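*Asks:* Questions regarding the structure given below will be posed in turn.
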Amino acid sequence: MNKFLTLLAIVFLLSKASLAQSIVSFKSVGHNDDAIYGMSGSSSFYVKISPLAEIEGSKLVLYIEPSQALLKEHSFINVILNDKPVYSSRLSKDSIEKVTINLTKNDLSPDRYLKIQVKTLLTITDDICRDLDNPAMWLKVKDYSYLSLLTNGKTGINNINISNCFDSKRAIVYPSNPTLHDLKAVAWAYARLKKTQNKPILIFEAGQVPDSIKNYIMVGNMAALPDDKKSLIKVSPQTGEGIFYLDKSMSTETDTVTQMINEKGKLVSHKSISTEVVPAEILFVSGGDDEGYEKAITALSNINILNSTFGDYLLINLAQNTYFKTIDENRSKLTLKQVGGSSDFLSGIGSLKNAYTFKNSDFSFTPKEIEIRFIGNYSGLNPGDRGYFNIYLNGLLISSEKLDASGKLNTSVTINRYQHHKYNTLESEFRFFPTNGECKNSFINFFGEVDVDKSYLESKNPFISNDLSFYQYPEAFNSGTTKIVISKQVAKYTTGAVGEIIFELNNNINSNNFPEFVYSDQMPAGDMKKYNIIALLDKDDPLMKEFPDAPIKFNKNFRLYNTDNNKIVYSLSDTVSTGLAQIFYGRSNNATLVLTATGSHQSDAFLAASKSITEQLSTLSSNVCVTDVNSNKYLFNINKSSDNLEYVETKSSITRFWESYNLYILLGILILILLSFLYVRSKVQRSQELYND
């Protein structure tokens, strides 16, 4: 009997061990505190659910913070999952309200996204007309709301395949002596991971992967893979074949857990050892030889192949990345639907808003002017009603038009290059105020809807300037073929930076920019004018001399001055890890971007430079960026006539000595003159005294 009970206990513990709770906070998936304004409003959240999670038995926990001014017994909150209502209630008297909802498989979309909508109906005075447009009507969904997901490692791992495994990958591993193929594979793997998650992506050499990293992508020719990893691949690619292979297993993870326990009124920390069985996944990107490996890399750059591979391995005999360019290459006119907008039916009074986002890089060139046109329908206004359609760009009102009895919306506004940024938020607003005295009767009568298929953004003219700037990156590389040129000496330090560059070149609605890779010592001289060039070079690479139009010669020691006060802003020093980037037109007006790094942490410096030039920059004319590994960034506009650039080593040692110590020398001369004057004066006075005697 005791043996039987012991067996039952072991089975129970094993079943509990295979099931675990995974907490996913809204903040961890990119959702910060979200405020819902007005009497009737809504907010939506999308969360990708891991294939390991069992939705049955999982929970959604929302923390709601209502405005202190609300009449809570007359205010309501509604939660809708997958477009189906699951919870409705009056607000409680708590300052922070907790809502717990049990999840079911019907709450998930077929692609395993959980769509969460929070809708509100708020009241302050119990009089709709008085509450209209009251700024105190708001409710926040807190960012520490979370999903408590039940995960089953043993059965859930069977649901993981190549098409859905990228969400869980946190790192990329490459051979210790990377080839050009390896750099290309790391770059495309990095770009794919960054498209699926907002967490940092780690990059390691083979043999240096920490034990805590269980899920990663390993790239390399079959001949270059470590023997212990190569043995995990159960299918052997032939000569000329590429392969994706997903190895899945269970691994034991041991961690130290610290808990605060109340002992006699004091919180005391207690540490314990926690052992958990977790899945371990390695996605191999490889090939039977270099030709096959290149096919695997090409397939990695094709999102259609990745999304349709539902098995654990894929042998690749033929791969191409040109056939799926389905959107007009010109890309001068984009519908709101193309940039992610959806048609939402809005009803009520006061402010009814929709938001859209777009990037300059969504167009085939940096736009100088953009026409924004909204087309839609709304309920016609009655005599005495007041209605407006407002357009906001990056938080600023740029257009307002009166609504009328027609019910037809067709309005546009043109913005110039100073009004739009690299990344933009566009908002449309129906604003309706009914006739005085008829507020209650009109509350549910007004509606409006923007047609996202007919509404569009159209770039009227390309932004053309004599000097290229980071404001035009990456659109400057959209036309023509781009070559990524890398110095062999620093190749292993450029992996993350090249990944960032590949991601940005394809971070638009039509990802079809596939650069060629070449080492700097193998770059034909004629190609410097035939292609767009993105170069990641060692500071002393001879190819640096092939950029006569570069604003700064990175292979020379230089100083940058503030033109207002002539103070040194930056001085190149090899003792500090610094990333340097500059963008300019080459001799045949081809777009050229050059990055280099100094110091002992060149990998971090290259990565910092590649990230800094893609951020929302505050200037239209910066063409030189200096950044360090601590994310300090300096932007400069340097041209041939600039007087804020100085090359230190072009001056003689006497000149450099004079510039360094001229103040001390002048002070010394002044003191000598003063002493000489005092000496001569004393002699004269003494002579006069002797003469008088």
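The values are calculated or read from the model by the stated rules, or taken from the named source; none is laboratory data. Predicted, not measured: the structure shown is a model, and the values here were computed from it. Backbone-built Cβ (ideal geometry, glycine too); neighbour counts: all protein chains shown. The accessibility values were calculated without ligands, DNA or RNA, using every heavy atom of the protein model including side chains. Shrake-Rupley method; radii C 1.70, N 1.55, O 1.52, S 1.80 Å.
*Asks:* Within region 513-552, can you find the residues that are buried (at least 17 other Cβ atoms within 10 Å of the Cβ), assigned to a loop (DSSP other than H, G, I, E, B) and not small (Gly, Ala, Ser)?
*Replies:* Asn513, Phe514, Pro515, Met523, Tyr531, Leu537, Asp538, Lys539, Asp541, Phe547, Pro551, Ile552 - these are the residues of region 513-552 that are buried (at least 17 other Cβ atoms within 10 Å of the Cβ), assigned to a loop (DSSP other than H, G, I, E, B) and not small (Gly, Ala, Ser).
*Asks:* Next question, about the same structure. When you check Thr120 against the structure, is it of a type outside the set (D, E, K, R) and open to solvent by less than 40 Å² (accessible area, probe 1.4 Å), yes or no?
*Replies:* Taking the combined requirement at face value, the residue satisfies it.
*Asks:* Are any residues in region 634-643 at pLDDT 80 or above and either open to solvent by less than 70 Å² (accessible area, probe 1.4 Å) or of a type in the set (A, V, I, L, M) (or both), and if so, which ones?
*Replies:* Result: Leu635, Phe636, Ile638.
*Asks:* I need the strands (runs of 3 or more DSSP E) fully contained in region 316-413, keeping only those with at least 2 residues that are within 17 Å of Phe446 (Cβ to Cβ) and either open to solvent by 30 Å² or more (accessible area, probe 1.4 Å) or aromatic (Phe, Trp, Tyr) (or both).
*Replies:* Output list reads 350-359, 367-378, 386-393, 396-402.
*Asks:* Considering only strands (runs of 3 or more DSSP E) fully contained in region 156-266, which possess at least 1 residues that are surrounded by fewer than 18 Cβ atoms within 10 Å (Cβ to Cβ), of a type outside the set (Phe, Trp, Tyr) and modelled with pLDDT under 90?
*Replies:* 242-263
*Asks:* Could you tell me which of the residues Val61, Val86, Val79, Val24 is within 28 Å of the chain's Cα centre (by Cα), at pLDDT 90 or above and not basic (Lys, Arg)?
*Replies:* When all the criteria are applied, what remains is Val61.
*Asks:* How many of the residues in region 44-59 are out of contact with any Phe, Trp or Tyr (no Cβ under 8 Å at 6 or more places or on another chain) and surrounded by fewer than 17 Cβ atoms within 10 Å (Cβ to Cβ)?
*Replies:* The total comes to 4.
*Asks:* When region 285-306 is examined, which residues are found to be assigned to a loop (DSSP other than H, G, I, E, B) and either without any contact (Cβ under 8 Å) to a residue 40 or more places away in the chain or among the polar types (S, T, N, Q) (or both)?
*Replies:* Of everything in region 285-306, those that are assigned to a loop (DSSP other than H, G, I, E, B) and either without any contact (Cβ under 8 Å) to a residue 40 or more places away in the chain or among the polar types (S, T, N, Q) (or both) turn out to be Ser301, Asn302.
*Asks:* Name the one entry in Glu449, Glu475, Glu458 that is of a type in the set (D, E, K, R), closer than 24 Å to Arg192 by Cα and in contact (Cβ under 8 Å) with a residue 24 or more places away in the chain.
*Replies:* After applying the criteria, what remains is Glu475.
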